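Written below as structure tokens is the structure these notes are about.
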Amino acid sequence: MTPSLPGLRFRLFGFPVTIGVDFLLITLIIGLGARPGVYILEWVVVVAVSLLIHELGHAFALSMYNIHPEIRLWGMGGLTISGFVLPPRKSILVSLAGPLVGIPVAIAVMVVKPWLPSGDPFAATASDLVFVNLWWGILNLLPIAGLDGGSVITNLFAVVLGPRGKRPGLAAVALCSAAIAVGAIFVGFFYLAIVVFFFGLFNPEPYLTLWQLASGGPGGRRVAGAAPSKGAWAGPRAESRSSSDGEGKRGKGKRGEGKRGEGRGGGRQPLVMVAAESRRAFGEALAETMPGGSGEAAVTDLDELERRPAPLLPDVVGMVANRDDPAVAARLATETDPLAVFGIVTRVVEANRVSQLLGVLRRDQTGDRIPALLKLQVGLHALGRFEDSMAAASMLGRSGGARSAALEARSAARAGDRKRAVAALERVLALGPVPLSDAALGDIARLGPDRKIADLLAKLRSAASPD
């Protein structure tokens with residue numbers, strides 16, 4: 001959820017920070033009935049500083065994985081937004097980093113409090129710092145949907161059970177959240193019940209998952225005829241190929257051949273997105289495939305694309321969790337923010353809904369079908385889902401144009417499919433032709449020496465060069 005109201009914007013330790021006016025108003029209302037008017041400003045400042053300390057814990061933890069997030073204070077709490085999905089173990093560490101920074105701050109204030117000058121405002125400020133940091137830290141450790149404890153529980157299920165553990169983990173968080181809310185109401189702690197309701201309102205996935213499991217809802221069946229979800233950057237595969245370029249940046253995949261995105265095994269782990277590299281790959285492919293001018297995609301400067309945090313998309317979270325693939329397809333077609341497009345595709349991949357979305361788009365005959373498929377093709381390629389990216393290109397056919405065919409050739413080369421790469425290059429020559437970027441030529445070069453490919457590339461260079 002991106003705050004819609006204006007706010008104060010600045011940078012803190014290099015992280016962009018936004019303090020929304022809605023956060024200030026709600027904090028002010030909470031403090032009005034508990035303290036004299038002269039201390040209202042002190043209360044608002046203490047709450048803001050305490051939540052910034054908490055969110056900085058998350059931000060510094062993310063920065064260890066080369067992810068540079070944005071911090072936002074809004075509504076009843078704070079958000080550390082990166083737009084990237086970490087493996088379960090790393091996600092647990094990031095989730096715990098906030099409370100494990102805030103709670104020690106409360107303890108430190110309690111230790112030094114006896115040496116502070118007696119009387120207000122020092123005593124009041126110290127008491128508020130202890131209360132907010134300790135309360136917010138403990139609250140976040142509870143297994144509530146939308147809070148750090150809920151994320152920890154969900155990822156613990158994924159650690160123990162693998163990818164299939166996510167849905168039971170989400171259901172467990174929903175059950176715990178409901179139990180905590182009921183218990184809070186029973187003992188008269190209505191503020192906690194309001195917190196559960198508020199964060200659940202903007203984090204519906206656990207509750208939707210619980211409802212689907214309880215009602216025997218759809219379980220992610222594949223659409224007949226849809227391409228299988230293969231590719232890399234989704235964790236280690238059955239073969240000894242690497243899911244990343246190395247162990248120091250992300251994950252623990254085997255080095256193998258050292259080529260990202262070439263594994264073709266059947267196992268699937270939660271998606272790992274690399275902060276700078278995946279965004280740049282997406283931005284480059286988007287610029288080549290949909291080079292603006294048609295209102296389909298507003299291509300952003302690549303350096304900005306790497307730095308700017310992705311927007312939160314609660315509507316897409318609800319659509320994917322509810323398996324509303326037509327709504328996701330429509331949202332994808334109309335979205336113009338490149339990072340939002342990438343976020344939608346990432347969410348679909350993470351939820352294993354690629355084949356279902358392709359099936360919906362295969363049947364769709366609206367004018368939105370082509371831009372949705374183009375964006376999906378680009379996002380899948382950037383995430384290493386090369387087989388699925390080629391499936392999207394096949395559905396586009398000639399409607400995708402030479403640029404879509406060129407991207408298909410790149411995906412085929414990355415997947416090691418020489419025959420498919422040749423066919424795609426022939427289609428580029430027939431439809432365009434368009435010049436191939438250095439990145440595209442580098443991908444195609446992965447196939448090794450091939451006379452037919454060399455001839456096609458020479459023809460493309462000749463046809464694309466000015467007379």
Worksheet item: Of Lys419/Lys459; Lys375/Lys419; Lys375/Lys452, which ones are farther than 26 Å apart at the Cα?
Response: Lys375/Lys452
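Would you list Val109, Val152 from fewest to most Cβ contacts within 10 Å? Could you put the intermediate results ahead of the total?
Values: Val109 19, Val152 22.
Ranked by crowding around the Cβ, least crowded first: Val109, Val152.
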Discussion item. With the crude spin-label approximation of a point 7 Å out along Cα→Cβ, what separation in nm comes out for Arg11 versus Ser63?
Written reply: 1.1
Discussion item. I'd like the distance between the alpha-carbon centres of the range 135-153 and the range 393-467, rounded to an integer number of Å.
Written reply: 49
Item to complete: Find how much the distance from Ala458 to Arg418 grows on full extension, using 0.36 nm per residue of separation minus their present alpha carbon separation; answer in nm with one decimal.
Response: 12.7 nm
Worksheet, complete the sentence: Dimensionless Rg/Rh of the range 309-379, both radii on Cα and Rh by Kirkwood, sits at 0.92
Discussion item. Between Phe190 and Met76, what is 0.36 nm times their sequence separation minus the Cα-Cα distance? Round to one decimal in nm.
Written reply: 39.6 nm
Fill in: Cα-based Rg of the range 275-464 normalised by 2.2 N^0.38 Å, two decimals
0.99
Item to complete: Report the relative contact order of the range 7-215, percent, no decimals, based on alpha-carbon pairs under 8 angstrom and at least 6 residues apart.
Response: 16
Worksheet item: Label points 7 Å out from Cα along the Cβ direction at Phe202 and Ala179: separation in nm?
Response: 2.7
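Read-outs: derived from the displayed coordinates by stated rules, not from any lab. The structure presented is a predicted model; accordingly, all values stated were derived computationally and were not measured. Positions of Cβ are generated from backbone atoms using ideal geometry, with glycine treated the same way; all protein chains shown enter the neighbour counts.
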